[in-house]
1. What are the pairs with Cβ atoms under 8 angstrom where one residue, in region 15-36, is farther than 16 Å from I54 by Cα and the other, located anywhere, is assigned to a helix (DSSP H, G or I) and among the β-branched types (V, I, T)? Sequence gap at least six, or different chains.
2. Please determine whether any residue of region 36-49 is surrounded by 10 or more Cβ atoms within 10 Å (Cβ to Cβ), at pLDDT 90 or above, polar (S, T, N, Q) and not in a loop (DSSP other than H, G, I, E, B).
3. Checking the condition out of contact with any Pro (no Cβ under 9 Å at 6 or more places or on another chain), modelled with pLDDT of 90 or more and not β-branched (V, I, T), which residue from R58, R68 passes?
4. What's the number of the condition A20 fails, among (1) assigned to a helix (DSSP H, G or I); (2) surrounded by 13 or more Cβ atoms within 10 Å (Cβ to Cβ); (3) not polar (S, T, N, Q)?
Amino acid sequence: MGDNKLFGYRLTQHARLRCAQRGYRLQDIELVLAYGTPTLEGVLLRYRDVQAPIEDIRRQIRAIQGKRKKAQPTLFTNEVS
């Protein structure tokens, strides 16, 4: 976890140890800091904090799936006609 700084927070040695014990990855901590709610004790990731980002991703998936269904197979070659 590099220089121990994430989103302006310093990750202490104790926090690094607890993350390792609990199996948290750096990406997990980054998600909590990006989407969580700041509290006096730190950052709390609540159910409502993740609902909008999850819905955005679902919307993107549906859009991609719609494009895939409409896509026509195209053959590209190097031949010049």
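The values are calculated or read from the model by the stated rules, or taken from the named source; none is laboratory data. Predicted model, so just to flag it, every value in this text is computed and none were measured. Positions of Cβ are generated from backbone atoms using ideal geometry, with glycine treated the same way; all protein chains shown enter the neighbour counts.
1. C19/I29
2. Checked against the condition, which is being surrounded by 10 or more Cβ atoms within 10 Å (Cβ to Cβ), at pLDDT 90 or above, polar (S, T, N, Q) and not in a loop (DSSP other than H, G, I, E, B), region 36-49 yields at least one hit.
3. On inspection, the qualifying residue turns out to be R58.
4. Single failed check for A20: (2).
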